[in-house]
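Below is one structure, written out as C-alpha cells; the observations come after it.
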Amino acid sequence: MKININLVSFFVFHQVFTFNTVEINVQPSVKVKNGAPMSIICHADISKSADFQLQHNFTIFKDGKLVFMTVSNKDDARYEVPMARSSDTGEYECTVEAGGKTKSSNSLHVWVTGMTKPILTAEKKEVLEGEVVKLRCELPEEVPPLYFYFRKIKMNSTPKEKYVFEAYKNYSEVEFSVEEGDNILQFDCFGKRHVQREFDTSEHSNKTLVTVREPFIKPALSVRPSHNITEGDRIQLECSTVVARMRDIEIILQKNKTILKSVRDEKVLKYSTVATLEDSGEYLCKVEQGRASKSTKVNLFPKPTLSASMNKLDENRELTLSCSISSFQKANFSVLRRNSNGDVLLETSRNLTMRVSVNDTGSYICKAEVKGIVKESKPVRINVYAPVSKPTLSVVNGLPEVVLGKPLQLICRSARGTPPITFKFYKGNVTKEIVINDTYATFLDENVGQNGKKGYKCDARNNHSSGVKTSNILNVTVVGKNASLGSVPYGEVEEGSETAFLCSVKEGSWPIHFRIFRKADRDVLVFEQSEHADRVMWRKVTMSRQDTGTYYCMASNRANVDVKSHPITINVILASWRKGIIVAFVLIPIAGAVTLALWWFLCKKKKGNEWFPSICDK
C-alpha cells in the first residue's frame with residue numbers, strides 16, 4: 001500500500017484553524033446603572049486541527065471608535081469599566097485577528113441608565129427687586145447633546161421653569177428676573193439626555209438660596225378729603241415711598257391710564273385739583289427704579305358692589321340682594337333687574353328681599369348716587385329652578401317593539417323643570433348614556449339584543465334641591481331576526497307515518513305566533529299557533545303522497561315583523577307493507593316465468609348432449 005508522504009507532512013506540520021463565531025456581551029446586563037461597574041467581554045469560538053497555541057488580537061469599538069485593545073492566548077478578553085457613566089452608552093463591537101484571519105462580532109447596544117447629579121451655582125446670593133439672577137447648571141461627567149431644565153421656586157406658588165438645549169456643552173446658563181413680591185427664592189436644575197427614543201433624567205441639583213431685598217417699599221396713596229367729595233371741592237392726592245437708594249427713582253400718578261404727574265429722584269409726589277364729575281374713577285400711583293416697579297390704587301367714588309345671598313336657588317325660596325360702596329355711607333341706592341326693553345326698578349334702597357319664582361331668573365344690578373354722580377355695579381346673575389317632573393320614556397316611532405339587532409330610538413321627556421336638565425338612560429341596571437338638554441333627550445340603542453327584554457328607564461335632574469326623578473320601566477318587545485324549521489324524520493317520510501315539524505326562533509319577546517306553510521302555486525298554510533315560548537311543534541299524524549313538497553315557517557310577535565325560516569323538502573315515499581305486497585304479487589310471478597324460460601332454453605340448446613339429461617327428459 002503506497003502512502004502519500006506530502007499529504008502526511010501537511011497534516012503533521014500545517015496548523016489549521018477557523019473562526020466559528022465572535023461574540024460580544026456585557027456584564028451584569030445591557031442596562032447598567034450609572035456608577036456601577038461594567039465588563040465588556042469579547043469571545044472567539046475557534047476550531048483547530050490540533051492542540052496548538054494561537055495568539056489573538058482583540059479590539060473593542062464603541063460607536064465605531066477604538067476603546068480597548070489587547071493580545072492574548074485565551075479565547076476571550078474583558079474590557080473593565082469600574083464606574084459606568086452615561087457617556088459609556090453606545091453600540092459596542094469587537095474584532096478578533098489571529099493567524100492572518102479576522103472576524104467581527106455583531107454590534108451590542110449598552111445603556112447606562114441614570115445621570116450624574118448636576119451642580120448649580122448662582123452668580124449672586126443677594127439681589128434687589130428688578131434685577132436678574134444668573135444661574136449655571138453643569139453635568140461634569142456627561143457628554144452632550146444635553147437638555148437643561150432650570151426652576152425658580154417661590155413659597156406657595158408653582159415653580160417657573162426654563163429649558164435650554166446644549167448640543168456641544170455639558171453646562172448651560174440662564175437668567176431669571178426678580179419680580180415684585182419675590183422675597184426668598186430657591187433655584188435648582190436637572191438634566192435630560194435622549195437614548196434610543198427614550199429620555200434619561202438626572203436627579204435634581206442642590207438647591208441654591210437667593211435673598212431678595214426691596215429697592216423701595218410699596219407706595220402709599222392718600223386722598224384729602226377722604227369721604228363724600230362734592231363737586232367743586234379741592235382734592236389733594238399724595239403718593240410717597242421709602243427707598244434704599246435715591247438714584248433713578250421715579251414716581252408716576254395716573255388716572256384711568258392717563259399720566260397726571262411724575263417726579264424723579266424724590267420720595268413724594270403731590271397733586272391737587274378741583275373736583276368735577278370727570279374726576280371720579282381709579283387713580284394709580286406707580287414707583288419705578290430700573291426693572292423694579294410697585295403700585296397702589298385708589299378709587300374716588302368707586303363703583304358699587306351688588307351681592308346676592310344665593311346665585312342658584314329653588315323657586316319659593318327667599319333671596320336677598322345687597323348694594324354697597326366703599327368709603328360712602330350716605331349714597332342713594334337702587335336695585336334693578338336687567339331687561340332688553342330697559343332696566344326695571346325693583347327697590348330704592350341698598351337691600352332687596354323677595355320670594356322668588358322661575359320668572360325671576362335673570363341679571364340684576366344696583367346703582368349708587370352721590371351728589372349727582374351715579375355709578376352702576378357689575379351685573380349679578382340669579383338662576384331660579386323649578387323641580388323636574390317625573391320623566392316619561394317612550395319609543396320615538398310610538399311602538400315599543402323592535403326586531404332583534406335593529407336600532408331602537410327612545411325619548412325621555414320631562415314636562416316641567418328649569419333647564420338645563422341632565423338625563424340618564426339605563427338598559428337594565430347599566431347606565432348607557434348621559435345627555436344634558438332643555439326638556440327632553442333621545443337615546444339610540446343601535447343593536448337591540450335579547451337583553452332588551454330587561455327594560456329601559458331614564459332619570460332626570462336639574463339644579464333644584466329635590467334631586468333625581470326616575471321614569472317607569474319601558475319593556476320593549478323584541479322579535480328574533482331568524483326562524484328555523486326542522487322535521488323528524490327528515491327528508492324521506494313513509495306514507496301513513498307521523499311527522500313532527502319544529503319551528504323555532506333564537507330570541508324574541510313572547511307570545512310568538514308561529515305559522516307553517518307548504519309551497520305550491522299559492523303557498524298553503526298548514527298550521528298556526530301562538531305560544532309563550534320560542535318554539536312550537538306540529539305533529540302531522542298521517543302523511544300522504546299529497547304532503548310531499550317544500551315547507552317553511554314564519555314567526556312574529558307584537559313587533560309585527562315576520563321572520564322566515566329556510567325551506568325544507570319532505571318526500572313521502574311508499575310504506576314498507578305496500579312494498580311487500582308488490583313483491584308478492586308482481587315480482588314472484590316474474591321470477592317464476594324467468595326460471596321456466598331458462599329451463600326450456602337449456603333443454604333445447606343441449607339436446608343430444610349429456611348435460612342435465614334427467615331434467616330435460618322429464
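The values are calculated or read from the model by the stated rules, or taken from the named source; none is laboratory data. Because the structure is a prediction, the values reported are computed rather than measured. Methodologically, a virtual Cβ is constructed for each residue, glycine included, from the backbone with ideal geometry; neighbour enumeration extends over all protein chains shown. The protein model used for the area step is the full one, side chains on, heavy atoms only, and it has no ligands, DNA or RNA in it. Shrake-Rupley method; radii C 1.70, N 1.55, O 1.52, S 1.80 Å.
Taking the stretch 141-179, which residues are closer than 17 Å to residue 210 by Cα and out of contact with any Leu (no Cβ under 8 Å at 6 or more places or on another chain)?
If the condition is that a residue be closer than 17 Å to residue 210 by Cα and out of contact with any Leu (no Cβ under 8 Å at 6 or more places or on another chain), then 151, 155, 156, 157, 159, 160, 161, 177, 179 are the ones that fit.
Return the residue satisfying two criteria in turn: it lies in the stretch 14-62 and is modelled with pLDDT of 90 or more and charged (D, E, K, R), and of such residues it is farthest from residue 93 (Cα to Cα).
Top of the filtered list is 45.
Residue under question is residue 327, and the condition is that it be open to solvent by 30 Å² or more (accessible area, probe 1.4 Å) and at pLDDT 90 or above; does it hold? Talk me through it step by step, then tell me what you get.
Numbers: open to solvent by 30 Å² or more (accessible area, probe 1.4 Å): yes; at pLDDT 90 or above: no.
Here the answer is no, as residue 327 does not meet what is asked.
Checking residue 93 against (1) within 27 Å of residue 195 (Cβ to Cβ); (2) open to solvent by less than 60 Å² (accessible area, probe 1.4 Å); (3) in contact (Cβ under 8 Å) with a residue 40 or more places away in the chain, which single condition isn't satisfied?
Of (1) within 27 Å of residue 195 (Cβ to Cβ); (2) open to solvent by less than 60 Å² (accessible area, probe 1.4 Å); (3) in contact (Cβ under 8 Å) with a residue 40 or more places away in the chain, only one is false for residue 93: (2).
Please specify each residue of the stretch 31-63 satisfying the condition of being open to solvent by less than 70 Å² (accessible area, probe 1.4 Å), more than 11 Å from residue 75 (Cα to Cα) and in contact (Cβ under 8 Å) with a residue 60 or more places away in the chain.
The answer is 32, 34, 35, 38, 40.
Checking the structure you have, find out if any residue of the stretch 169-181 is part of a loop (DSSP other than H, G, I, E, B) and within 39 Å of the chain's Cα centre (by Cα).
Yes - at least one qualifying residue is present in the stretch 169-181.
Which of the residues belonging to the stretch 151-189 are hydrophobic (A, V, I, L, M, F, W, C), open to solvent by 20 Å² or more (accessible area, probe 1.4 Å) and in contact with a Ser or Thr (Cβ under 8 Å, 6 or more places away or on another chain)?
164, 184
Go through the stretch 285-306 residue by residue and tally those that are part of a strand (DSSP E or B), farther than 18 Å from residue 179 by Cβ and either open to solvent by less than 60 Å² (accessible area, probe 1.4 Å) or among the aromatic types (Phe, Trp, Tyr) (or both). So that I can check it myself, show each step before the final result.
Step one: list which residues in the stretch 285-306 are part of a strand (DSSP E or B), which gives 285-289, 292-300, 305-306.
With farther than 18 Å from residue 179 by Cβ added as a condition, the list becomes 285, 297-300, 305-306.
This time we only want the ones that are either open to solvent by less than 60 Å² (accessible area, probe 1.4 Å) or among the aromatic types (Phe, Trp, Tyr) (or both), so: 285, 298, 300, 306.
Residues flagged as part of a strand (DSSP E or B), farther than 18 Å from residue 179 by Cβ and either open to solvent by less than 60 Å² (accessible area, probe 1.4 Å) or among the aromatic types (Phe, Trp, Tyr) (or both) within the stretch 285-306 amount to 4.
If I filter the stretch 509-552 down to residues being over 15 Å from residue 567 (Cα atoms) and touching a Gly at 6+ places or on another chain (Cβ under 7 Å), which single residue comes out as surrounded by the fewest Cβ atoms within 10 Å (Cβ to Cβ)?
Checked the stretch 509-552; the qualifying residue surrounded by the fewest Cβ atoms within 10 Å (Cβ to Cβ) is 542.
Looking only at strands (runs of 3 or more DSSP E) that lie completely in the stretch 386-493, which have at least 2 residues being at pLDDT below 85?
On the way: elements: 392-395, 401-403, 408-413, 421-427, 430-437, 440-445, 456-461, 477-479, 483-488.
Answer list for the stretch 386-493: 401-403, 430-437, 477-479, 483-488.
So, in the stretch 330-369, of the ones that are assigned to a loop (DSSP other than H, G, I, E, B) and of a type in the set (D, E, K, R), which residue ends up surrounded by the fewest Cβ atoms within 10 Å (Cβ to Cβ)?
Among those that are assigned to a loop (DSSP other than H, G, I, E, B) and of a type in the set (D, E, K, R), it is 330.
Among the residues of the stretch 244-261, which ones are at pLDDT 80 or above and either under 18 Å from residue 299 (Cβ atoms) or assigned to a strand (DSSP E or B) (or both)?
250, 251, 252, 253, 254, 255, 257, 258, 259, 260, 261
Restricting to the stretch 131-156, name every residue that is assigned to a loop (DSSP other than H, G, I, E, B) and touching an Asp or Glu at 6+ places or on another chain (Cβ under 8 Å).
144, 145, 154 - these are the residues of the stretch 131-156 that are assigned to a loop (DSSP other than H, G, I, E, B) and touching an Asp or Glu at 6+ places or on another chain (Cβ under 8 Å).
Restricting to the stretch 414-432, give me the number of residues that are of a type outside the set (S, T, N, Q), touching a strand residue (DSSP E or B) at 6+ places or on another chain (Cβ under 9 Å) and within 29 Å of residue 315 (Cα to Cα).
Adding up the residues that qualify gives 8.
Before we move on, is residue 80 surrounded by 17 or more Cβ atoms within 10 Å (Cβ to Cβ) and out of contact with any His (no Cβ under 9 Å at 6 or more places or on another chain)?
No; evaluated as a whole, the condition is false for this residue.
So, residue 526, is that one of a type in the set (A, V, I, L, M) and within 13 Å of residue 483 (Cα to Cα) or not? Walk me through it before giving the result.
Details: of a type in the set (A, V, I, L, M): yes; within 13 Å of residue 483 (Cα to Cα): no.
Judged against the criteria, residue 526 is not a match.
Checking the conditions here, which among 139, 128 is over 29 Å from residue 294 (Cα atoms) and surrounded by 15 or more Cβ atoms within 10 Å (Cβ to Cβ)?
Of 139, 128, the one residue that is over 29 Å from residue 294 (Cα atoms) and surrounded by 15 or more Cβ atoms within 10 Å (Cβ to Cβ) is 139.
Considering 515, 535, 558, which residue is of a type in the set (D, E, K, R), at pLDDT 85 or above and closer than 30 Å to residue 456 by Cα? Give the steps one after another, and end with the answer.
Numbers: 515 fails: closer than 30 Å to residue 456 by Cα; 558 fails: at pLDDT 85 or above.
Result of the check over 515, 535, 558: 535.
In the set 116, 102, which member is without any contact (Cβ under 8 Å) to a residue 24 or more places away in the chain, out of contact with any Lys or Arg (no Cβ under 6 Å at 6 or more places or on another chain) and either outside any strand (DSSP E or B) or open to solvent by 40 Å² or more (accessible area, probe 1.4 Å) (or both)?
102
State which residue pairs qualify: first residue over 15 Å from residue 262 (Cα atoms) and free of Cβ contacts under 8 Å to residues at least 24 places away in the same chain and inside the stretch 237-251, second residue of a type in the set (Gly, Ala, Ser) and surrounded by fewer than 21 Cβ atoms within 10 Å (Cβ to Cβ) in any location, beta carbons under 7 Å apart, and separation of 6 or more residues or different chains.
Close Cβ pairs satisfying both conditions: none exist.
Within the stretch 366-390, how many residues turn out to be within 24 Å of residue 302 (Cα to Cα) and touching a residue at least 40 places away in the same chain (Cβ under 8 Å)?
Just the residues of the stretch 366-390 that are within 24 Å of residue 302 (Cα to Cα), to begin with: 366-382.
From what is left, the residues that are touching a residue at least 40 places away in the same chain (Cβ under 8 Å) are 366-368, 370-373, 375-382.
Result for the stretch 366-390: 15.
State which residue is farthest from residue 571 (Cα to Cα) when the search covers only the stretch 494-508 and only residues that are assigned to a strand (DSSP E or B) and open to solvent by 40 Å² or more (accessible area, probe 1.4 Å). Full working, then the answer.
Initial filter on the stretch 494-508 (assigned to a strand (DSSP E or B)): 494, 499-505, 508.
Okay, now just the ones that are also open to solvent by 40 Å² or more (accessible area, probe 1.4 Å), so 494, 502.
Working: 494: 8, 502: 17 Å.
Filtering first and then ranking leaves 502.
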